[in-house]
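The values are calculated or read from the model by the stated rules, or taken from the named source; none is laboratory data. No experiment lies behind these values; they were computed from the predicted model shown. We place every Cβ from the backbone using ideal geometry, glycine too, and count neighbours over all the protein chains shown. Note: accessible area is taken over every heavy atom of the protein model, side chains too, but ligands, DNA and RNA are not part of it. Shrake-Rupley method; radii C 1.70, N 1.55, O 1.52, S 1.80 Å.
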Amino acid sequence: MQFPGAHILSVEQFDRADIERIFAVADSMEPYALRKRVTRVLEGAILGNMFFEPSTRTRVSFGCAFNLLGGEVRETTGFKSSAIAKGESLYDTARVLSGYSDVICMRHPEEGSVAEFASASRVPVVNGGDGANEHPSQALLDLYTIQKEVRAKGGSMDSLRIAMIGDLKYGRTVHSLSKLLALYDRVEVALVSPQELAMPEKYVETLRAAGHKVTVSSELSQSISSVDIVYSTRIQEERFASKAEADLYRGRFRLNQAIYTQFCQPNTVIMHPLPRDSRADANELDTDLNQNPNLAIFRQTDNGILVRMALFAMILDVVDQVDKHARDVNWYHNRDLNELG
Ligand code: ASP
């Protein structure tokens with residue numbers, strides 16, 4: 001695809017060559033993310049960060065990625081502080097706000113809303129999550145992480161074995177990730193969820209149409225016994241009619257160190273898009289896994305900066321200029337990426 005000026009709304013826009021380009025640019029961002037160098041390549045540019053649903057990582061890492069390229073960030077969070085609360089349409093908001101920014105990242109609770117906004121925007125729009133539909137930048141950083149993790153263990157993306165666990169019905173990250181996995185060969189996918197929260201058929205079909213072996217089950221232990229990646233997800237409480245209904249499914253697919261030791265192969269990588277629900281009754285991904293070197297959740301978040309920097313550099317067409325506008329840092333810095341397990 002042509003990146004300069006493009007909206008990023010769905011991972012369906014990408015083919016495998018596009019993904020490889022994004023990942024190569026992401027790799028080249030490492031010195032900047034590690035504060036070994038600073039670049040001012042986007043000096044003067046403004047990112048409009050518009051988040052109408054709760055977000056920490058996605059919002060802050062989009063902003064941070066833009067800052068690391070030298071740009072400025074303006075934020076709108078929540079409906080209450082926006083004129084949408086006064087009845088303004090997405091069309092009007094997009095016409096106005098695209099006059100204030102060079103690129104816009106947007107999260108919204110309704111499926112398709114970011115695409116609707118983008119169709120009226122005069123600048124590129126990146127989907128930061130639209131309801132239960134898609135979360136393209138998360139899927140890209142997940143795939144980037146999977147590739148790094150399996151390669152570090154001598155494996156490859158083709159013939160990957162992955163179990164996706166939890167709320168596969170409402171979890172937009174697994175929807176986008178499934179579409180991306182369809183670009184690879186001979187992937188084995190175990191979909192593990194309560195029946196009521198099963199992966200929607202259209203995504204299962206996409207995986208099967210790619211020739212992948214897909215198993216659907218609500219049984220955890222066997223599904224995680226021979227995979228390279230366990231990708232756990234949160235019950236998407238905000239998409240249920242009530243907390244009581246979400247509570248019915250909480251804790252069904254708990255992963256902790258004892259379960260990992262008993263059922264997983266010693267090298268299995270554990271991922272989660274975060275936030276993990278750490279409340280006592282959540283029983284999702286226990287903190288006793290924090291010492292497990294195969295827990296990749298904080299490597300995912302570090303990788304998110306690299307991938308989001310790459311997207312901005314490509315959309316705003318400055319990939320070749322990043323290094324020209326760079327210098328060494330002049331403040332104390334001593335950081336590393338979260339290390340590979
Ligand atoms: N942060 C991810 C999302 O916005 C995952 C989650 O919220 O569970 O979709």
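Below 12 angstrom from the Cβ of residue 301, what's the summed charge of the other residues (Lys, Arg +1; Asp, Glu -1)? Here the charged neighbours net out to +2. For the peptides 275-281, 23-29, 225-231, residues were scored by their other Cβ atoms within 10 Å and the scores averaged per peptide; the highest-first order is 225-231, 23-29, 275-281. Taking label points 7 Å from Cα along the Cα-to-Cβ direction, residue 239 and residue 279 give a separation of 1.9 nm. Exposed loop sites were defined as GluC sites (Glu not before Pro) in DSSP loop states (anything but H, G, I, E or B) carrying at most 11 other C-beta atoms within 10 Å; in the chain the longest segment without such a site runs 44-218.
Taking the DSSP beta bridges in the stretch 48-169 as the whole, what percent of them are antiparallel, to the nearest 5? Show your work: numbers first, answer last.
Details: 1 of 13 bridges.
Within the stretch 48-169, antiparallel bridges account for around 10 percent of the total.
Averaging the Cα positions of each part gives two centres, and for the stretch 253-332 and the stretch 60-90 these lie 23 Å apart. Suppose we keep just the DSSP beta bridges with both residues in the chain; what percent of those would be antiparallel, to 5? Percentage antiparallel, nearest 5: 10. The string of couplings for the stretch 255-272 from the Karplus curve (6.51, -1.76, 1.60, θ = phi - 60°) is 10, 9, 4, 5, 5, 4, 5, 6, 10, 8, 6, x, 9, 4, 8, 9, 10, 6 Hz, one whole number per residue in order, with x for Gly and Pro.
Can you tell me the alpha carbon radius of gyration of the chain divided by the globular rule-of-thumb value 2.2 N^0.38 Å?
Values: Rg = 19.8 Å, N = 341, 2.2 N^0.38 = 20.2 Å.
Scaled against compact globular proteins, the figure is 0.98.
Taking amide H atoms as placed 1.01 Å from N in the peptide plane, the amide H of residue 50 lies under 5 Å from those of 76, 105, 106, 107, each 5 or more residues away in sequence or on another chain. Using the Cβ of residue 212 as centre and a radius below 13 Å, the other residues enclosed give a net charge of +1, where K and R count +1 and D and E count -1.
For n ≥ 4 DSSP H runs only, could you compute -39500 (n - 2.57) per run for the chain, divide by its residues and tell me the 222 nm figure to the nearest 500? Let's see the in-between values first.
Numbers: 12 runs with 116 residues, N = 341.
Value at 222 nm, helices only: -10000 deg cm²/dmol.
Calculate the dipole size of the stretch 71-189 relative to its Cα centre from +1 charges on Lys and Arg beta carbons and -1 charges on Asp and Glu beta carbons; express the result in debye to the nearest 20. Intermediate results must be reported in sequence, preceding the final value.
On the way: 14 positive and 16 negative charges, 43 e Å.
My answer is approximately 200 debye.
Of the solvent-accessible surface of the stretch 62-149, computed with a 1.4 Å probe and all protein chains present, 47% belongs to carbon and sulfur.
Please report the net charge: other residues with Cβ closer than 10 Å to the Cβ of residue 58, K and R +1, D and E -1. Spell out each step's value before the answer.
Values: positive: 57, 59, 107, 308; negative: 53.
In short, +3.
Averaged over its residues, the chain has an accessible area of 43 Å² per residue, based on protein heavy atoms and a 1.4 Å probe. Distances between placed amide hydrogens fall under 5 Å for residue 8 paired with 125, 126, 127, all partners being 5 or more residues away or on another chain.
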